[in-house]
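Here's the structure, in structure tokens; my notes come after.
The values are calculated or read from the model by the stated rules, or taken from the named source; none is laboratory data. Please read all numbers here as calculations on a predicted model, not as lab measurements. Cβ sites come from the backbone with ideal geometry, for glycine too, and all protein chains shown count toward neighbours. Just the protein is used for accessible areas: all its heavy atoms, side chains included, with ligands, DNA and RNA removed. Shrake-Rupley method; radii C 1.70, N 1.55, O 1.52, S 1.80 Å.
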Amino acid sequence: INAQANKAVGKGFESSLCYENTRIMFMGIPNIHVVRKSYEVMLEESTNHCHSDYLSWLRVLETSGWVSHIHKILAAVVRMVHCMAVENLSVMVHCSDGWDRTAQLTSLSMMLMDRHYRTLQGFMVLVDKEWISFGHQFGARHAWTNHGWKDQERSPIFMQFLDCVHQCMHQCPSNYEFNEDLL
């Protein structure tokens with residue numbers, strides 16, 4: 001849907017006709033507005049209700065859609081890693097602007113493929129390289145710009161990335177030089 005909307009306003013998307021031995025895969029990762037809403041639902045449900053039991057908290061997570069978004073990101077990363085490591089294919093990542101979903105996907109795939117990025121020093125390099133240097137809009141995503149509060153651009157994209165890292169660490173904690181305290 002986003003690709004078609006981009007095409008309608010003249011932005012478009014990559015064509016497999018321009019590249020040999022390629023396939024285009026849309027991964028269905030939601031945009032910043034959907035992510036923001038999901039996070040707001042999770043926060044609202046968490047603060048408005050007393051969740052004394054684990055099952056109640058899991059229902060809140062499911063209702064918010066947050067876990068589904070994390071799943072989509074990690075599934076896309078696994079697909080990317082498989083293409084590169086198993087099928088020996090190149091991967092090009094392209095999202096609307098290039099500083100939100102792109103940074104999530106590229107940094108997570110690098111972290112999974114190269115153990116250096118699972119060290120403390122490597123993780124700092126990864127964040128600097130794929131988030132800061134690539135131009136992630138930390139100020140806008142945290143709703144603060146040079147012009148003041150801008151709520152419409154607010155979205156916890158970097159927090160989503162950290163959640164994905166946490167999920168990976170939870171699967172194989174001994175593969176990481178750092179722990180969730182850093183996150």
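Of note:
- Residues whose amide H comes within less than 5 Å of that of Trp144, counting only those at least five positions distant or on another chain, are Lys150 (H built at 1.01 Å from N in the peptide plane).
- 10 Å-binned pair-distance histogram of the chain (Cα, whole percent): 8, 31, 37, 20, 4, 0
- Portion, in percent, of the accessible area of region 97-143 that falls on carbon or sulfur, probe 1.4 Å: 59 percent
- In this structure Lys7 has an accessible area near 120 Å², from a 1.4 Å probe over the protein heavy atoms.
- Largest mean-square fluctuation among Ser107, Ser15, Ser90, in a Gaussian network model of the chain whose springs join Cα atoms under 10 Å apart, belongs to Ser15.
- Accessible area per residue, Å², the chain with all protein chains present, probe 1.4 Å: 62 Å²
- For Phe26, solvent-accessible area (1.4 Å; no DNA, RNA or ligand), Å²: 130 Å²
- Among 152-164, 58-70, the order from most to least packed when residues are scored by Cβ within 10 Å on average: 152-164, 58-70
- Helical runs (DSSP H, four residues minimum) scored at -39500 (n - 2.57) apiece and divided by the length of the chain put the mean residue ellipticity at 222 nm at -16000 deg cm²/dmol.
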